[in-house]
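In what follows, a structure is listed as C-alpha coordinates, so that the remarks can point back to it.
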Amino acid sequence: MIITGKKFSKPSLSRVVNGDTILPDAPETPKKIRLDHLLVQQHPEYNRSSLQTFIKSGFVKVNGEAVTKPNTKVLPEVEITLSIPEAAELPPLPPVIYEDEHVLVINKPTGLLSMAKGEYCPEPTLEDYGLLVHRLDRDTSGVVILAKDLATQKMLRKQFQDRKTHKTYYALVEGKPQLNEALIDLPIARNLKHPTTFQVDQNGKPSQTYYKVIQQNDKYSLLELKPTTGRTHQLRVHLKYLGTPIVGDIIYGDGKGERLFLHAKELEITIPGENGGERKIFTAELPEEFTHVFQEK
(Lines give C-alpha, C1' and ligand atoms only; values in the text may rest on other atoms or scores of the structure.)
Protein backbone atom coordinates (compact mmCIF):
# COMPACT_ATOMS: atom_id res chain seq x y z
CA MET A 1 0.00 0.00 0.00
CA ILE A 2 1.31 3.38 -0.87
CA ILE A 3 0.46 6.24 1.49
CA THR A 4 0.77 9.68 0.07
CA GLY A 5 0.67 13.02 1.90
CA LYS A 6 -2.42 15.18 1.65
CA LYS A 7 -2.19 17.84 -0.92
CA PHE A 8 -2.71 21.40 0.33
CA SER A 9 -3.93 24.29 -1.66
CA LYS A 10 -1.42 26.53 0.11
CA PRO A 11 2.22 25.43 -0.36
CA SER A 12 3.36 27.33 2.73
CA LEU A 13 0.99 25.39 4.99
CA SER A 14 2.18 22.18 3.34
CA ARG A 15 5.75 22.98 4.34
CA VAL A 16 4.66 23.60 7.96
CA VAL A 17 2.88 20.24 8.14
CA ASN A 18 5.91 18.48 6.70
CA GLY A 19 8.18 20.14 9.29
CA ASP A 20 10.11 22.23 6.82
CA THR A 21 8.88 25.55 8.29
CA ILE A 22 8.18 26.63 11.90
CA LEU A 23 5.45 29.14 12.57
CA PRO A 24 6.34 31.95 14.98
CA ASP A 25 4.82 31.71 18.48
CA ALA A 26 1.64 33.67 19.04
CA PRO A 27 2.25 36.80 21.17
CA GLU A 28 1.47 36.24 24.86
CA THR A 29 -1.27 38.32 26.47
CA PRO A 30 0.37 40.58 29.09
CA LYS A 31 -0.41 39.45 32.63
CA LYS A 32 -2.09 41.89 34.96
CA ILE A 33 -0.20 42.94 38.10
CA ARG A 34 -1.48 44.20 41.44
CA LEU A 35 -1.36 47.98 41.51
CA ASP A 36 0.64 48.14 44.75
CA HIS A 37 3.20 45.65 43.38
CA LEU A 38 3.60 47.69 40.21
CA LEU A 39 4.06 50.88 42.24
CA VAL A 40 6.81 49.23 44.29
CA GLN A 41 8.71 48.69 41.04
CA GLN A 42 8.12 52.24 39.84
CA HIS A 43 8.71 54.00 43.19
CA PRO A 44 11.39 52.09 45.16
CA GLU A 45 11.82 55.16 47.41
CA TYR A 46 8.62 54.11 49.24
CA ASN A 47 7.85 50.82 50.94
CA ARG A 48 4.79 48.81 50.01
CA SER A 49 2.85 49.76 53.13
CA SER A 50 3.25 53.48 52.38
CA LEU A 51 2.20 52.97 48.77
CA GLN A 52 -0.90 51.10 49.88
CA THR A 53 -1.74 54.05 52.11
CA PHE A 54 -1.30 56.43 49.17
CA ILE A 55 -3.63 54.31 47.04
CA LYS A 56 -6.32 54.19 49.73
CA SER A 57 -5.99 57.95 50.18
CA GLY A 58 -6.78 58.55 46.49
CA PHE A 59 -3.30 59.75 45.54
CA VAL A 60 -2.91 57.23 42.69
CA LYS A 61 -4.54 57.42 39.25
CA VAL A 62 -4.57 54.73 36.55
CA ASN A 63 -5.09 56.16 33.06
CA GLY A 64 -6.37 59.33 34.68
CA GLU A 65 -8.88 57.63 37.00
CA ALA A 66 -8.39 57.40 40.76
CA VAL A 67 -8.06 53.84 42.09
CA THR A 68 -8.33 53.27 45.83
CA LYS A 69 -7.86 49.50 46.17
CA PRO A 70 -4.21 48.33 46.41
CA ASN A 71 -5.07 44.84 45.11
CA THR A 72 -6.58 46.16 41.86
CA LYS A 73 -4.95 44.31 38.94
CA VAL A 74 -3.75 46.40 36.01
CA LEU A 75 -1.74 45.89 32.83
CA PRO A 76 1.96 46.84 33.09
CA GLU A 77 1.69 49.38 30.28
CA VAL A 78 -1.03 51.50 31.90
CA GLU A 79 -0.25 55.08 32.80
CA ILE A 80 0.10 55.46 36.57
CA THR A 81 0.46 58.79 38.32
CA LEU A 82 1.28 59.25 42.00
CA SER A 83 0.46 62.71 43.37
CA ILE A 84 1.15 63.18 47.08
CA PRO A 85 -0.17 66.45 48.53
CA GLU A 86 2.40 68.62 50.19
CA ALA A 87 2.38 68.32 53.96
CA ALA A 88 0.72 71.16 55.78
CA GLU A 89 3.08 73.79 57.04
CA LEU A 90 4.01 73.42 60.68
CA PRO A 91 2.03 76.04 62.62
CA PRO A 92 3.74 78.30 65.14
CA LEU A 93 4.78 76.58 68.34
CA PRO A 94 1.84 76.44 70.78
CA PRO A 95 2.21 78.52 73.96
CA VAL A 96 5.28 77.35 75.85
CA ILE A 97 4.75 76.69 79.57
CA TYR A 98 8.32 75.59 80.29
CA GLU A 99 11.47 74.70 78.38
CA ASP A 100 15.02 73.62 79.18
CA GLU A 101 17.66 71.46 77.50
CA HIS A 102 15.71 68.25 78.22
CA VAL A 103 11.99 69.00 77.98
CA LEU A 104 9.43 71.21 76.28
CA VAL A 105 6.08 71.75 78.00
CA ILE A 106 3.34 73.33 75.89
CA ASN A 107 -0.33 74.23 76.12
CA LYS A 108 -1.74 72.01 73.38
CA PRO A 109 -4.57 73.61 71.40
CA THR A 110 -7.70 71.64 70.64
CA GLY A 111 -7.57 69.99 67.21
CA LEU A 112 -3.85 69.12 67.25
CA LEU A 113 -3.07 65.41 66.85
CA SER A 114 -0.69 63.79 69.32
CA MET A 115 0.82 61.41 66.78
CA ALA A 116 0.55 60.52 63.11
CA LYS A 117 -2.14 58.10 62.01
CA GLY A 118 -0.46 55.61 59.69
CA GLU A 119 2.76 56.21 57.82
CA TYR A 120 1.52 59.27 55.99
CA CYS A 121 0.04 62.20 57.88
CA PRO A 122 -0.35 65.50 56.01
CA GLU A 123 -1.14 67.51 59.14
CA PRO A 124 1.08 68.61 62.04
CA THR A 125 1.28 66.54 65.24
CA LEU A 126 2.93 66.92 68.64
CA GLU A 127 5.77 64.78 67.28
CA ASP A 128 6.77 67.68 65.05
CA TYR A 129 7.79 69.62 68.17
CA GLY A 130 9.57 66.92 70.20
CA LEU A 131 9.65 63.28 71.31
CA LEU A 132 6.22 62.08 72.42
CA VAL A 133 5.89 61.07 76.07
CA HIS A 134 2.13 60.88 76.56
CA ARG A 135 -0.95 61.65 74.51
CA LEU A 136 -4.06 63.77 74.66
CA ASP A 137 -7.07 63.21 72.42
CA ARG A 138 -7.08 65.45 69.36
CA ASP A 139 -9.89 67.60 70.77
CA THR A 140 -8.49 67.86 74.31
CA SER A 141 -6.41 70.92 75.14
CA GLY A 142 -3.88 71.57 77.88
CA VAL A 143 -0.54 70.54 79.36
CA VAL A 144 1.68 68.25 77.30
CA ILE A 145 5.32 67.45 78.04
CA LEU A 146 7.72 66.52 75.21
CA ALA A 147 11.26 65.19 75.50
CA LYS A 148 14.27 66.52 73.61
CA ASP A 149 16.36 63.34 73.83
CA LEU A 150 15.75 59.59 74.09
CA ALA A 151 17.02 59.25 77.66
CA THR A 152 14.58 61.91 78.88
CA GLN A 153 11.75 60.35 76.89
CA LYS A 154 12.40 56.99 78.56
CA MET A 155 12.57 58.57 82.04
CA LEU A 156 9.31 60.49 81.61
CA ARG A 157 7.41 57.61 80.02
CA LYS A 158 8.33 55.32 82.90
CA GLN A 159 6.73 57.74 85.35
CA PHE A 160 3.45 57.56 83.43
CA GLN A 161 3.68 53.77 83.30
CA ASP A 162 4.42 53.55 87.04
CA ARG A 163 1.66 56.07 87.87
CA LYS A 164 4.12 58.48 89.42
CA THR A 165 2.66 61.45 87.60
CA HIS A 166 -0.35 63.41 88.83
CA LYS A 167 -2.78 64.86 86.29
CA THR A 168 -5.64 67.28 86.80
CA TYR A 169 -8.27 67.93 84.15
CA TYR A 170 -11.22 70.28 83.96
CA ALA A 171 -14.39 69.32 82.08
CA LEU A 172 -17.60 71.15 81.33
CA VAL A 173 -20.38 68.56 81.47
CA GLU A 174 -24.09 68.46 80.81
CA GLY A 175 -26.30 68.35 83.87
CA LYS A 176 -25.29 67.75 87.49
CA PRO A 177 -23.67 64.74 89.16
CA GLN A 178 -25.66 63.32 92.09
CA LEU A 179 -22.72 63.97 94.43
CA ASN A 180 -20.56 67.08 94.53
CA GLU A 181 -17.43 64.99 95.08
CA ALA A 182 -16.74 61.27 94.61
CA LEU A 183 -14.48 58.54 93.29
CA ILE A 184 -15.62 56.86 90.08
CA ASP A 185 -14.27 53.30 90.30
CA LEU A 186 -15.56 51.56 87.18
CA PRO A 187 -13.62 49.17 84.89
CA ILE A 188 -13.41 50.05 81.20
CA ALA A 189 -13.16 47.80 78.15
CA ARG A 190 -13.29 48.24 74.39
CA ASN A 191 -16.78 48.27 72.92
CA LEU A 192 -16.70 45.30 70.53
CA LYS A 193 -19.72 46.61 68.61
CA HIS A 194 -17.84 49.87 67.96
CA PRO A 195 -14.12 48.97 68.30
CA THR A 196 -12.89 52.57 68.28
CA THR A 197 -14.88 53.33 71.42
CA PHE A 198 -14.88 52.16 75.04
CA GLN A 199 -17.48 51.44 77.71
CA VAL A 200 -17.89 50.56 81.37
CA ASP A 201 -17.55 46.77 81.59
CA GLN A 202 -17.21 44.59 84.69
CA ASN A 203 -14.62 42.53 82.79
CA GLY A 204 -12.61 45.58 81.76
CA LYS A 205 -9.44 47.10 83.16
CA PRO A 206 -9.59 48.87 86.54
CA SER A 207 -10.16 52.60 86.11
CA GLN A 208 -10.50 55.29 88.77
CA THR A 209 -11.32 58.98 88.50
CA TYR A 210 -11.82 61.44 91.36
CA TYR A 211 -14.12 64.32 90.56
CA LYS A 212 -15.24 67.49 92.32
CA VAL A 213 -17.83 70.04 91.25
CA ILE A 214 -16.24 73.49 90.88
CA GLN A 215 -19.21 75.42 89.51
CA GLN A 216 -22.68 74.63 88.18
CA ASN A 217 -26.01 76.02 87.04
CA ASP A 218 -29.28 74.46 85.86
CA LYS A 219 -27.72 73.05 82.67
CA TYR A 220 -23.99 72.56 83.18
CA SER A 221 -21.33 71.66 85.73
CA LEU A 222 -17.63 72.43 85.72
CA LEU A 223 -15.73 69.48 87.18
CA GLU A 224 -12.18 68.99 88.39
CA LEU A 225 -11.00 65.49 87.47
CA LYS A 226 -8.04 63.56 88.87
CA PRO A 227 -7.57 60.19 87.17
CA THR A 228 -5.35 57.63 88.93
CA THR A 229 -5.30 55.37 85.87
CA GLY A 230 -4.78 56.29 82.24
CA ARG A 231 -7.22 54.25 80.17
CA THR A 232 -8.12 55.42 76.68
CA HIS A 233 -11.16 57.76 76.82
CA GLN A 234 -11.38 57.10 80.57
CA LEU A 235 -12.75 60.50 81.60
CA ARG A 236 -15.21 60.63 78.72
CA VAL A 237 -16.53 57.12 79.41
CA HIS A 238 -16.82 57.63 83.17
CA LEU A 239 -18.70 60.90 82.79
CA LYS A 240 -21.06 59.47 80.20
CA TYR A 241 -21.83 56.60 82.59
CA LEU A 242 -22.74 59.11 85.30
CA GLY A 243 -25.22 60.72 82.92
CA THR A 244 -23.13 63.88 82.62
CA PRO A 245 -21.29 63.62 79.26
CA ILE A 246 -18.67 66.21 78.40
CA VAL A 247 -20.04 69.09 76.35
CA GLY A 248 -19.04 68.80 72.69
CA ASP A 249 -18.16 65.08 72.85
CA ILE A 250 -19.04 63.69 69.41
CA ILE A 251 -18.46 60.08 70.52
CA TYR A 252 -19.99 59.85 73.98
CA GLY A 253 -22.25 62.92 73.99
CA ASP A 254 -24.41 64.88 71.56
CA GLY A 255 -21.40 66.42 69.81
CA LYS A 256 -22.84 69.92 69.78
CA GLY A 257 -20.57 72.86 70.36
CA GLU A 258 -17.36 74.33 69.05
CA ARG A 259 -15.02 71.83 70.75
CA LEU A 260 -14.66 69.04 73.30
CA PHE A 261 -14.74 70.81 76.66
CA LEU A 262 -11.95 68.79 78.27
CA HIS A 263 -8.74 70.52 79.35
CA ALA A 264 -5.56 69.08 80.90
CA LYS A 265 -4.99 71.78 83.50
CA GLU A 266 -2.03 70.45 85.53
CA LEU A 267 0.73 67.88 85.29
CA GLU A 268 3.02 66.98 88.16
CA ILE A 269 6.13 65.09 87.08
CA THR A 270 9.85 64.75 87.77
CA ILE A 271 12.12 66.13 85.05
CA PRO A 272 15.90 65.63 84.66
CA GLY A 273 17.96 67.66 87.08
CA GLU A 274 20.43 67.45 89.91
CA ASN A 275 20.16 64.68 92.51
CA GLY A 276 18.11 62.43 90.26
CA GLY A 277 15.62 64.97 89.05
CA GLU A 278 13.40 67.88 89.96
CA ARG A 279 9.70 67.60 90.78
CA LYS A 280 7.62 70.14 88.87
CA ILE A 281 3.96 71.12 88.50
CA PHE A 282 3.08 72.58 85.11
CA THR A 283 -0.20 74.49 84.64
CA ALA A 284 -2.20 75.53 81.57
CA GLU A 285 -4.83 78.10 82.44
CA LEU A 286 -8.44 77.14 81.78
CA PRO A 287 -9.74 78.53 78.45
CA GLU A 288 -12.33 81.26 78.87
CA GLU A 289 -15.02 79.36 76.96
CA PHE A 290 -15.25 76.83 79.82
CA THR A 291 -16.88 79.39 82.10
CA HIS A 292 -18.97 81.40 79.62
CA VAL A 293 -22.11 79.40 80.41
CA PHE A 294 -21.94 80.48 84.05
CA GLN A 295 -21.70 84.17 83.17
CA GLU A 296 -24.78 84.24 80.96
CA LYS A 297 -27.85 85.90 82.42
Spread of Cα-to-Cα distances over 10 Å intervals beginning at zero, given as percent, for segment 93-196: 12, 35, 34, 17, 2
Probe 1.4 Å, accessible area per residue of the chain, Å²: 62 Å²
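At a Förster distance of 45 Å, what's the computed FRET efficiency of D149 paired with K31, Cβ-Cβ distance as r, to 0.05?
Working: r = 51 Å, r/R0 = 1.14.
Approximately 0.30, to the nearest 0.05.
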R0 of 41 Å, Cβ-Cβ distance N71-L179: FRET efficiency to nearest 0.05: 0.15
Equivalent ellipsoid, segment 224-264 (semi-axes from 5 times Cα gyration tensor eigenvalues, Å): 17, 11, 9
Distance violations [Cα-Cα > 18 Å] among K212/K240; K73/K117; K176/K219; K154/K226; K226/K256: K73/K117; K154/K226; K226/K256
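How big, on average over all directions, is the shadow cast by the Cα convex hull of segment 163-255, in nm²?
On the way: hull surface 23.8 nm².
Projected area, direction-averaged: 6.0 nm².
Is the shape of segment 225-297 best called rounded, prolate or oblate, per the rule: a/c under 1.5 gives rounded, else a/b larger than b/c gives prolate, else oblate, with a ≥ b ≥ c the square roots of the Cα gyration tensor eigenvalues? Working shown, then result.
Values: a/c = 3.30, a/b = 1.74, b/c = 1.89.
In terms of gyration-tensor shape, oblate.
Mind checking the full-extension length gain between N191 and K212? Use 0.36 nm per residue of separation minus the Cα-Cα distance, one decimal, nm. Can you show the working numbers first?
Working: separation 21, 0.36 × 21 = 7.56 nm, distance 2.74 nm.
Taking N191 through K212 to full extension adds about 4.8 nm, to one decimal.
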In degrees, nearest ten, helix 150-161 long axis to first principal axis of the chain (Cα): 60 degrees
Net length gained if the chain between E285 and R48 were fully extended (0.36 nm per residue, minus Cα distance): 80.8 nm
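Roughly how many percent of the accessible protein surface of the chain is carbon and sulfur, given a 1.4 Å probe and a whole-percent answer?
Numbers: 9170 of 18430 Å².
Answer for the chain is 50 percent, counting heavy atoms of protein chains only.
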Global geometry of segment 37-108, whether rounded, prolate or oblate, following the gyration tensor of its Cα atoms and the 1.5 cut on a/c: prolate
Relative packing of peptides 177-183, 265-271, 143-149, 233-239 - highest average C-beta neighbours within 10 Å first: 233-239, 143-149, 265-271, 177-183
Translational diffusion coefficient (Stokes-Einstein; Kirkwood radius from C-alpha pairs) of the chain at 4 °C, 1.567 mPa s, in µm²/s: 54 µm²/s
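The values are calculated or read from the model by the stated rules, or taken from the named source; none is laboratory data. Keep in mind it's a predicted model, so treat the numbers as computed, not measured. With ideal geometry, Cβ positions are generated from the backbone for all residues, glycine too; neighbour counts draw on all protein chains shown. Each accessible area value is taken on the protein alone, full model and side chains, heavy atoms only, with ligands, DNA and RNA left out. Shrake-Rupley method; radii C 1.70, N 1.55, O 1.52, S 1.80 Å.
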